[in-house]
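Here the structure is laid out as structure tokens; the discussion comes afterwards.
The values are calculated or read from the model by the stated rules, or taken from the named source; none is laboratory data. From a predicted model like this one, the values you see are computed outputs, not experimental measurements. Cβ coordinates were reconstructed from backbone atoms using ideal geometry, including for glycine residues, and neighbour counts include every protein chain displayed.
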């Protein structure tokens, strides 16, 4: 389906570069879609690094989110799902410009149907960033070792689920460490804060948020 073309103004060049880097990491480590929401003069960009494979799959949804300042509040609020590549292509074509034109074509993604709440979070402690980096590195090595060269997708998914499904802290699977490391949320920080809200758990640093939704199945 198509959407009306809308252009958002990014706050400055540093914001543009930051967004381009984040989208590049999402293209490498996440699902092919992003959900975009404007909240006043801020653009929230949600991605997904792990989603259940089907309605019976109880693996947690692993979301990532970063917020980027805009030059002003758009006349119409944005809430849309588009392909990551469509945004990176538009940023590349715009070169150093600060205008971000929303893609004309929107897509659907099961993971994007339910987003975490904006309020009602309760503090649940902290988690060491260095430990998360170690878990991510060890997990990536185990996946690489466990996947045969000619493996089909079912085998690859089975190995990944086994590695990233192991719990590293109460309610936090290794998949969360992979997301935090892959998206650059561990850079330059010692610890991440952990908070919860009903079925959601969130790990946060100044670089971004990893947000988990537990055992809901693909369409839960």
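The table below lists the values:
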{"quantity": "Residues located in region 193-205, provided they are surrounded by fewer than 23 Cβ atoms within 10 Å (Cβ to Cβ) and modelled with pLDDT of 95 or more", "calculated": "193, 194, 195, 196, 200, 202, 204, 205"}
{"quantity": "Cross-chain or 6+ apart pairs with Cβ under 9 Å, region 111-126 first and over 24 Å from residue 58 (Cα atoms), then at pLDDT below 95 and part of a loop (DSSP other than H, G, I, E, B)", "calculated": "120/198"}
{"quantity": "Qualifying positions in region 180-192 - within 18 Å of residue 29 (Cα to Cα) and buried (at least 16 other Cβ atoms within 10 Å of the Cβ)", "calculated": "180, 181, 182, 183, 184, 185, 186"}
{"quantity": "Hey, residue 208 crowded, with 16+ Cβ neighbours inside 10 Å and either closer than 30 Å to residue 89 by Cβ or assigned by TED's automatic domain parsing to the domain that holds residue 24 (or both) or not", "calculated": "yes"}
{"quantity": "Scope region 206-220; condition modelled with pLDDT of 95 or more and in contact with a helix residue (DSSP H, G or I) (Cβ under 7 Å, 6 or more places away or on another chain); matching residues", "calculated": "210, 212"}
{"quantity": "Region 125-168, subset touching a helix residue (DSSP H, G or I) at 6+ places or on another chain (Cβ under 9 Å) and in a loop (DSSP other than H, G, I, E, B), residue modelled with the lowest pLDDT", "calculated": "151"}
{"quantity": "Which listed residue is in contact (Cβ under 8 Å) with a residue 12 or more places away in the chain, closer than 16 Å to residue 213 by Cα, in contact with a helix residue (DSSP H, G or I) (Cβ under 7 Å, 6 or more places away or on another chain) and crowded, with 18+ Cβ neighbours inside 10 Å, from 84, 64", "calculated": "64"}
